[in-house]
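Visitor: Just dropping this structure here.
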Amino acid sequence: MHLRVKPDLAFMRPKLSRWVALGFGSGLAPKAPGTFGTLFGWVSWLMMSAWLSPSQILWLCVPAFLLGIWACERTGHALGVHDHGAIVWDEVVAFWMLLSLTPGGWATQLAAFVLFRGFDIVKPAPIRQLDARIANGFGVMLDDILAAGYAWLVLAVWRSLV
C-alpha cells in the first residue's frame, strides 16, 4: 500500500474508480462519511424508483456490486487503506439492495436506514471476522451486503410480528 492520502475533490478528479468508490463525493463528508454515503444511496434509490421497479433496482445491484469490487480495490490502494472511511460505494449498493427488498413507505425506509447503519458500524459476527480476513475490494463490498442482510432480517421479523 501507498502512504495514506487524504481524499478530496482533487484526488477524485482523475479517476472514474475514485468517483464511484467515494460515492460521487458523498464519502468526502468530514464526519460520518458512511452515513452520508448511505443517505446518497437513499436519495439515488428514490430517484431511480421513479423509473425502475424495486426488482429492477435489485438487479442493478449485481453490476453495481461488481463495479464496486474494482473501484473500491483501486481506490483503497491509492489511499493506502483497503477500506478507507471515504469509500462509501459499498454502503450505496447495500442500501439500494435493502430498500429494494423492503416494502413500505418512509417509516420503513427510515427504520431500514437506522438498522443498516447500526449493523454496518457494529459489524456483528461474522461480519467483523470476514472484514478482517478479506482485505480487498470484494471484502469492502461484502461486509455491507451482510449488514444489509441483518437489517432486512430484523425488518422481516418485525413485519411478521406486527
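The values are calculated or read from the model by the stated rules, or taken from the named source; none is laboratory data. None of the values given here were measured: they were computed from a predicted structure. No Cβ is skipped: glycine too gets one built from the backbone with ideal geometry, and neighbour counts run over all protein chains shown.
Visitor: Are any residues in segment 44-82 assigned to a loop (DSSP other than H, G, I, E, B) and either buried (at least 17 other Cβ atoms within 10 Å of the Cβ) or of a type in the set (A, V, I, L, M) (or both), and if so, which ones?
Guide: Keep residues of segment 44-82 that are assigned to a loop (DSSP other than H, G, I, E, B), which gives 49-53, 80-82.
Listed by number, the residues that qualify are Ala50, Leu52, Val81, His82.
Visitor: Name every residue in segment 91-107 that is at pLDDT 95 or above and not hydrophobic (A, V, I, L, M, F, W, C), in order of residue number.
Guide: Passing the criteria: Glu91, Ser100.
Visitor: Step by step: first the residues of segment 115-134, then only those that are touching a residue at least 24 places away in the same chain (Cβ under 8 Å) and loosely packed, with under 14 Cβ neighbours inside 10 Å, then the one that is farthest from Asp83 (Cα to Cα). Which residue is that?
Guide: Pro124
Visitor: Tell me, yes or no, whether segment 91-111 has at least one residue that is surrounded by fewer than 17 Cβ atoms within 10 Å (Cβ to Cβ), under 23 Å from Ala21 (Cα atoms) and free of Cβ contacts under 8 Å to residues at least 24 places away in the same chain.
Guide: no
Visitor: Give the residues of segment 146-160 that are surrounded by 17 or more Cβ atoms within 10 Å (Cβ to Cβ) and aromatic (Phe, Trp, Tyr), sorted by residue number.
Guide: Hits for segment 146-160 are Tyr150, Trp152.
Visitor: State which residue is surrounded by the most Cβ atoms within 10 Å (Cβ to Cβ) when the search covers only segment 7-43 and only residues that are under 20 Å from the mean Cα position of the chain (by Cα) and not in a helix (DSSP H, G or I).
Guide: Leu22
Visitor: Counting residues that are among the β-branched types (Val, Ile, Thr) and out of contact with any Lys or Arg (no Cβ under 8 Å at 6 or more places or on another chain), which helices (runs of 4 or more DSSP H) fully inside segment 92-162 reach at least 2?
Guide: 106-122, 137-161
Visitor: Which condition from (1) over 11 Å from the mean Cα position of the chain (by Cα); (2) assigned to a loop (DSSP other than H, G, I, E, B) is the one that Ile87 breaks?
Guide: If we test Ile87 against (1) over 11 Å from the mean Cα position of the chain (by Cα); (2) assigned to a loop (DSSP other than H, G, I, E, B), just (1) comes out false.
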